[in-house]
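First the structure, in the form of structure tokens, and then the observations on it.
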Amino acid sequence: MRNAEWGMRNQQGKTIKILPVVVLSVLVVMSALSACSKAKQAPPRVAPVLVETADRKNVPLQLKAIGNVEAYNTVAVKSQVSGEISEVFFREGQDVRVGTLLFRIDPRPFESVLRQAESALARDRAQARNAAEESKRYEQLSQKGFVSRQEYDRARTNADALNAVVQVDEAAVENARLQLEYTAIMSPITGRTGAITVQKGNVVKANDISLVTINQVAPVYVTFSMPEQDLAAIRKYKSTGELHVEAVLSPGAKPISGTLTFLDNKVNTATGTILLKATFPNQDHALWPGQFVDVVLTLTTEKDRVVVPSPAIQTGQQGQFLFVVKEDMTAEMRPVTVVRTFDRWAVIDKGVQPGETVVTDGQIRIAPGAKVEIKNAEQETEKGKGNHGGTETQRKTKENERTQAVTGK
């Protein structure tokens, strides 16, 4: 009986000791739940972003490729006669014009041959004149019956043969004079000389080795290839007029203008490309044969296309999209169809209208429906000019920036 009473008291004592602990735990849990509720009810965070406005622009339709500069004309200068090079009249790398004297082959052997040919011509002409006079005399004697017809025919044949010999001699003189002219090697084109391969004092053979190579670099060609998928568009726009081509030597360099002048008559079956050539005036010699350049072929200019800055375009699981800032300063996610890009612009087929504000930086910090704060000063200035002072949100932003600046000082 006493043991039972003591057990009941012991249980009551434990109950009295445990009760305050339970009450304290309940209070802690309620406090935590209250704090969580307050945290959930806290206002959402405003994400700072950079924005720009969608616009309408005239956008060129362009194709890009890597091109190679080629000389407009290339000539390997060779000697047409054999002999010793007696003089060189130019420097390597010098610009020359048509008819400029480049080399001289020792002319003395050819002068001697010419004098011999002229002497032979003079001799045979004298003999031909004498044979002609003799033929006339035999003709008169034959008519009077003093000589036979056979003797007259022999005299006339001799005169005709000597006339033929004179013609041969005249041809020999002309050939000797031509060979003498070949000793002076002239530039056949206007261009720039390369390295001299045979120096003064060397003996060369006719039509053997190249003495120097001359490249015509004004104008100049730029050759490049385009995929056969673009052939139809190139032919379509080329039929309407000249196509403008630009060559860029290096990133950021000023483009050099030319025109498309050649479209190959077949597609390369090994590469699936079509060869094209553009002609550039190149009066300043900015383009150099063998040089690689970036080529931009402009097919046409599309009018009033909707464009947004390329950084505004994002890619997700459902395709490309961007964020549009609405009037209540919330972000709306819009799926868009991007046709192509030009410079820093993306050409939009559908999804955005001109004048809408799109986010160009800070997309990672926002979600659909989230509040945003425009941070780029240029955008605020443009909106302020359009709204006579800007919206209330913009004025508050400016006041906050001034306060931060004063505090920072």
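Things worth noting here:
- When residues in the range 140-187 are screened for being closer than 30 Å to Asp95 by Cβ, of a type outside the set (Val, Ile, Thr) and outside any strand (DSSP E or B), 6 of them pass.
- Verdict on Gln320 being more than 14 Å from the chain's Cα centre (by Cα), in a loop (DSSP other than H, G, I, E, B), surrounded by fewer than 21 Cβ atoms within 10 Å (Cβ to Cβ) and in contact (Cβ under 8 Å) with a residue 12 or more places away in the chain: no
- Given (1) in contact with a Lys or Arg (Cβ under 7 Å, 6 or more places away or on another chain); (2) surrounded by 16 or more Cβ atoms within 10 Å (Cβ to Cβ); (3) more than 30 Å from Asn158 (Cα to Cα), index of the condition Ile105 fails: (1)
Residues are listed down the side, and each one gets a yes or a no for (1) β-branched (Val, Ile, Thr); (2) in the same structural domain as Ala367 (by TED's automatic domain parsing); (3) over 25 Å from Pro219 (Cβ atoms):
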| residue | (1), (2), (3) |
| --- | --- |
| Asn265 | no, no, no |
| Lys277 | no, no, no |
| Gln283 | no, no, no |
| Val293 | yes, no, no |
| Pro311 | no, yes, yes |
| Gly316 | no, yes, yes |
| Gln320 | no, yes, yes |
| Asp328 | no, yes, yes |
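- Residues located in the range 82-100, provided they are within 36 Å of the chain's Cα centre (by Cα) and in a strand (DSSP E or B): Asp95, Val96
- Of all the residues in the range 129-187, those that are surrounded by fewer than 14 Cβ atoms within 10 Å (Cβ to Cβ) and among the polar types (S, T, N, Q) number 8.
- Residue in the range 360-373 that is surrounded by 18 or more Cβ atoms within 10 Å (Cβ to Cβ), within 35 Å of the chain's Cα centre (by Cα), in a strand (DSSP E or B) and not assigned by TED's automatic domain parsing to the domain that holds Ala247 present: yes
Yes/no matrix, rows are residues, columns are (1) assigned to a loop (DSSP other than H, G, I, E, B); (2) free of Cβ contacts under 8 Å to residues at least 40 places away in the same chain; (3) surrounded by 14 or more Cβ atoms within 10 Å (Cβ to Cβ):
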{"residue": "Ile189", "(1), (2), (3)": "yes, no, yes"}
{"residue": "Val198", "(1), (2), (3)": "yes, no, yes"}
{"residue": "Thr213", "(1), (2), (3)": "no, no, yes"}
{"residue": "Ala218", "(1), (2), (3)": "no, no, yes"}
{"residue": "Tyr221", "(1), (2), (3)": "no, no, yes"}
{"residue": "Met226", "(1), (2), (3)": "no, no, yes"}
{"residue": "Gln229", "(1), (2), (3)": "no, yes, no"}
{"residue": "Ala232", "(1), (2), (3)": "no, yes, no"}
{"residue": "Ala247", "(1), (2), (3)": "no, no, yes"}
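- Residue tally, condition more than 18 Å from Lys266 (Cα to Cα) and part of a loop (DSSP other than H, G, I, E, B), over the range 234-244: 4
- If the condition is being touching a residue at least 12 places away in the same chain (Cβ under 8 Å) and part of a helix (DSSP H, G or I), then the range 104-122 contributes Pro109, Phe110, Glu111, Val113, Leu114, Gln116, Ala117, Glu118, Ala120, Leu121.
The values are calculated or read from the model by the stated rules, or taken from the named source; none is laboratory data. From a predicted model like this one, the values you see are computed outputs, not experimental measurements. In this analysis, Cβ positions are derived from the backbone assuming ideal geometry, glycine residues included, and neighbour counts consider all displayed protein chains.
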